[in-house]
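Step one of this worksheet: look at the structure below.
The values are calculated or read from the model by the stated rules, or taken from the named source; none is laboratory data. This is a predicted model, so every value here is computed, not measured. So basically every Cβ, Gly included, is an ideal-geometry build from the backbone, and we count neighbours across all protein chains shown. Calculation scope for accessible area: heavy atoms of the full protein, side chains included, ligands and nucleic acids excluded. Shrake-Rupley method; radii C 1.70, N 1.55, O 1.52, S 1.80 Å.
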Amino acid sequence: MFGAKNRGAAGGGGRPQSAGIGVGFYGNSETSDGVSQLSSALLRANHTLTAIDHLVLEMVERLDEAVRTELTTLEEVLTQRTELVAAARGARRQAETVAQQLQGLAFWRGVPLSPLQVAENVSFVEEYRWLAYVLLLLLELLVCLFTLLGLARQSKWLVIVMTVMSLLVLVLSWGSMGLEAATAVGLSDFCSSPDSYILNLTQEETGLGSDILNYYFLCNQAVSNPFQQRLTLSQRALANIHSQLQGLEREAVPQFPSAQKPVLSLEETLNVTEGSFHQLVALLHCRGLHKDYGSALRGLCEDTLEGLLFLLLFSLLSAGALATVLCSLPRAWALFPPSDDYEDTDDDDPFNPQESKRFVQWQSSI
């Protein structure tokens, strides 16, 4: 009868607490998935921005090297024909134009805000947040199990310890509930209109123009490509270089055989540069970075926010269950029999206090 009362009192708080722990594990997993998606999107964006800078630097260095070596050599070889020297110098001017235009395409170079650093900071905080919640969930699970064990075995010392632990976990649950509620409210306000807030914050942190940021954050037909003019000028200049090299190969090489090597080397450099240029055009298009931006928002505003709501429900359920347990433990304590401390002892044990007392009385009677 007594055991049934204890189990009933414990079960009233144990079932919600067990359900809350399950909800907590799910919410913690969803929050971690959302933050992981955010970090992955930031890393992909960082890879794109780094690739743009690398391609621009590589093409500029390649063109500068061609101007210093092959074109200079070609001009020296063609000194006797002024019209051919003029063609070589025209190719030089076009190469310098391309290099100048390309340098303006590395828009993220020198920007203090690094997506890689942001992703690392987010992952670092998330790792400890996830671990803290796992430890809290395991602590609540242990408190639930040992409370049931103490009530089932009618162990007063275990009930005392679990009462203290329940108070501690209750304080932690209320604290986590306040933190989760504040974060969820702030995140929901942010997710209601994220574009304008992120655009203003990014412009303030990076110093980039609004035309570039609008192009990548909005990525629609209403926003024009801010790099289109530079790309068009670069493409025309590359086409002019290619045409001039073909003319030099046709006119100069038969008359100046020593010009063949620099001309062929220039054509090879031009082909490699054109291939890199097409890669750069694809990377500069807003589709890639806007896709990463959308993925980051979905991870933050869907999975992370959903996980926070489940964690908030977990904290609410666990706080209610722990409060119920704390209220039921004093009544269970009052129902414990006085012999609770000795109920598990063996009557034949010589160190049993009851057996020692009977032994002393037997000696006195003798």
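For the chain, what does -39500 (n - 2.57) per DSSP helix run (n ≥ 4), summed and divided by total residues, give at 222 nm, in deg cm²/dmol to the nearest 500?
Helix-only estimate at 222 nm: -29000 deg cm²/dmol.
Could you list the trypsin sites (Lys or Arg not before Pro) in segment 83-188 that lie in coil according to DSSP, counting only those with at most 14 other Cβ atoms within 10 Å of their Cβ? Before the final figure, lay out each step's value.
Working: sites: Arg89, Arg92, Arg93, Arg109, Arg129, Arg153, Lys156; in loops: Arg109.
Of the trypsin sites (Lys or Arg not before Pro), the ones in loops of segment 83-188 whose Cβ has at most 14 other Cβ atoms within 10 Å are Arg109.
What do you get for the angle between helix 228-255 and the principal long axis of the chain? Use alpha-carbon atoms, 0 to 90 degrees, nearest ten.
40
Which order do you get for Trp174, Trp130, Trp157 if you rank them by accessible area with a 1.4 Å probe, largest at the top?
Trp157, Trp174, Trp130
Could you report the accessible area of His54 in Å², rounded to 10, computed with a 1.4 Å probe on the protein chains as they sit in the structure?
110
Could you give the nm distance between label points at Asn225 and Tyr128, where each point is 7 Å from its Cα heading toward the beta carbon?
4.4
How high is the relative contact order of segment 194-331, given as a whole-number percent (alpha carbon pairs under 8 Å, six or more residues apart)? All intermediate terms of the calculation are to be shown ahead of the outcome.
On the way: 43 pairs, mean separation 31.5, N = 138.
Relative contact order of segment 194-331: 23 percent.
Take the Cβ-Cβ distance between Arg250 and Thr183 as r, set R0 to 56 Å, and report the resulting FRET efficiency rounded to the nearest 0.05.
Numbers: r = 70 Å, r/R0 = 1.24.
Given R0 = 56 Å and the Cβ-Cβ separation, E is 0.20.
I'm spelling it out carefully: the read-out is Rg/Rh (Cα atoms, Kirkwood Rh), the candidates are [x] 1.38; [y] 0.93; [z] 0.98, and one was derived from this structure. Which label?
[x]
Go ahead and run the numbers for FRET between Ser265 and Ala86, Cβ-Cβ distance against an R0 of 30 Å, rounding to 0.05.
On the way: r = 20 Å, r/R0 = 0.68.
About 0.90, to the nearest 0.05.
Could you tell me the center-to-center distance, by alpha carbons, between segment 101-165 and segment 227-241 in angstrom?
The two parts, judged by their Cα centres, are 52 Å apart.
According to a simple spin-label model (label point 7 Å from Cα along Cα-to-Cβ), what is the distance in nm between Leu138 and Glu120?
2.8
Kindly express, to the nearest 10 degrees and within the range 0 to 90, the angle between helix 115-153's C-alpha long axis and the longest C-alpha principal axis of the chain.
10
With all protein chains present, calculate the accessible area of Asp189 using a 1.4 Å probe and round the result to the nearest 10 Å².
About 100 Å², ignoring ligands and nucleic acids.
Could you report the accessible area of Thr163 in Å², rounded to 10, computed with a 1.4 Å probe on the protein chains as they sit in the structure?
That residue has around 40 Å² of solvent-accessible surface.
So in the chain, which Cys have no other cysteine's beta-carbon sitting under 4.7 angstrom from theirs?
Cys144, Cys327
Provide the FRET efficiency to the nearest 0.05 for the Arg109-Asp195 pair, computing r from the beta carbons and using R0 = 22 Å.
Values: r = 25 Å, r/R0 = 1.13.
FRET efficiency, Arg109 to Asp195: 0.35.
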